[in-house]
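Chemist: The following block contains the structure, expressed as C-alpha cells.
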Amino acid sequence: MPESLVDLMMTRPPTPEQPLLGVMILLVEDSRLSCEAMRLICQRSGARIRRAESLASAERHLRSYRPRVAIVDLGLPDGSGLTLISQLARSEPRIEAIIAVSGDDTRAAAAMEAGADIFL
C-alpha cells in the first residue's frame, strides 16, 4: 500500500484524460498570465508543477526536485533562459524534455543549440 499521496500518484498509470499523470514539470516563466495558462494545461493533464519566476528561483528548485520536463522562458528578469537550458542539457541524468519558450521566433536556433528539445 502506498505510504503517501505522492507514492499513490506514482503508482497510478497515465490515462487518456491525464497523459502526464505524476510527471513533475519545472515551469520557468516570469509572466503570471503565461504561467497560469501553462499551469492549468499541465495540471489538467495530470502533471505536478513547480514554478520559478527567475533563473535563481529555478536553481533553488533544482537543488530539491528533479523534474522530468522543464519549460523555460528565454527572457527572464535575471538573465537568459538559454543559460538554464544549457545547464539542464548537460546535467546527469538528463531531464527527459527541455522546452524553450519565446515570443521571438528568431531565438529558436539559439535555443536548440543550447540543448532544447522543442521550441515554442
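Chemist: Considering only region 66-120, how many residues are more than 15 Å from MET38 (Cα to Cα) and in a loop (DSSP other than H, G, I, E, B)?
Modeler: Residues flagged as more than 15 Å from MET38 (Cα to Cα) and in a loop (DSSP other than H, G, I, E, B) within region 66-120 amount to 16.
Chemist: Looking only at residues in region 1-31 that are within 28 Å of SER54 (Cα to Cα) and among the small types (Gly, Ala, Ser), which one is modelled with the highest pLDDT?
Modeler: Restricting to residues being within 28 Å of SER54 (Cα to Cα) and among the small types (Gly, Ala, Ser), the top hit is SER31.
Chemist: Against the conditions (1) in contact with an Asp or Glu (Cβ under 7 Å, 6 or more places away or on another chain); (2) modelled with pLDDT under 95, where does ALA37 fall short? Just the number, please.
Modeler: The failed condition is (1).
Quick grid of which residues meet (1) among the hydrophobic types (A, V, I, L, M, F, W, C); (2) surrounded by fewer than 16 Cβ atoms within 10 Å (Cβ to Cβ):
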| site | (1), (2) |
| --- | --- |
| ALA47 | yes, no |
| ARG51 | no, no |
| ARG68 | no, yes |
| ASP73 | no, no |
| ILE85 | yes, no |
| VAL101 | yes, no |
| ASP104 | no, yes |
| MET112 | yes, yes |
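The values are calculated or read from the model by the stated rules, or taken from the named source; none is laboratory data. Note that the structure is a prediction, hence the values are computed from the model and not measured. Note that each Cβ is placed from the backbone with ideal geometry, even for glycine, and that neighbours are counted across all protein chains shown.
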